[in-house]
Amino acid sequence: MPPSPEQDHWRHWHDAARRDEVDAALRGLYEKMGEEIERLGPTCWLSGKCCRFDSYGHQLWVTALEIAWVVDRIDEGQRSVLRSSDLPGVDGCPFQVDKLCGVHAIRPLGCRNYFCDPNAQDWQNELYERFQDELRRLHTTHGIEYRYIEWRRGLDAARLHL
Ligand code: SF4
């Protein structure tokens, strides 16, 4: 059976995520954002609440490229967790382990930006919008289709191509 249009889309994002120049651009963007956040100095209390979306009443939105990039870099144990998770109905992120992020080094932009520290509320929306714009431009520069998607729904779709 020929691949469906949706399968073609995910193949496109996985192929893009494996390109060296896209990998370098994404890592560079995350690093730059990390430097800004470090300067701002928010506190993370390691409550783990931010990764339990339904309980905490919020959602994580990312790009399909970011999802493909993460999924292509997780280890076999994490792949197996992803395959067996009840996505998209699960409350929290399948990569959370004992309140910590199991994919910390490769987590998407939205996870890097989010802090429940009240002192972060003044700047985090502006910072997020600015880097989301940069991420959008990264897509354009590298000829990648831009899709903004809820994390668990995106993981559910991307895992079909593991
Ligand atoms: S990727 Fe990491 S930080 Fe982001 S929601 Fe999942 S466990 Fe939390």
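The values are calculated or read from the model by the stated rules, or taken from the named source; none is laboratory data. Small disclaimer: the values here were computed from a predicted structure and weren't measured. Don't worry about glycine lacking a Cβ; one is built from the backbone with ideal geometry, like all the others, and counts go over all protein chains shown.
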Here's a check for you: in region 87-124, which residue that is part of a loop (DSSP other than H, G, I, E, B) and of a type in the set (D, E, K, R) is surrounded by the fewest Cβ atoms within 10 Å (Cβ to Cβ)?
Asp98
Can you tell me which residues in region 37-57 are at negative phi, touching a residue at least 40 places away in the same chain (Cβ under 8 Å) and not charged (D, E, K, R)?
Ile37, Leu40, Pro42, Thr43, Cys44, Trp45, Ser47, Cys50, Cys51, Phe53
Testing Pro42 on (1) within 20 Å of Leu87 (Cβ to Cβ); (2) assigned to a loop (DSSP other than H, G, I, E, B), one condition comes back false. Which one is that?
(1)
Region 90-104, residues that are at negative phi and near the ligand (Cβ under 10 Å from one of its atoms)
Gly92, Cys93, Pro94, Phe95, Gln96, Val97, Leu100, Cys101, Gly102, Val103, His104
Check region 47-66 and report whether any residue there is within 14 Å of the ligand (Cβ to nearest atom), in a helix (DSSP H, G or I) and of a type in the set (Asp, Glu).
yes
From the list Cys111, Cys116, pick out the single residue that is at pLDDT below 90 and within 27 Å of Glu134 (Cα to Cα).
Cys116
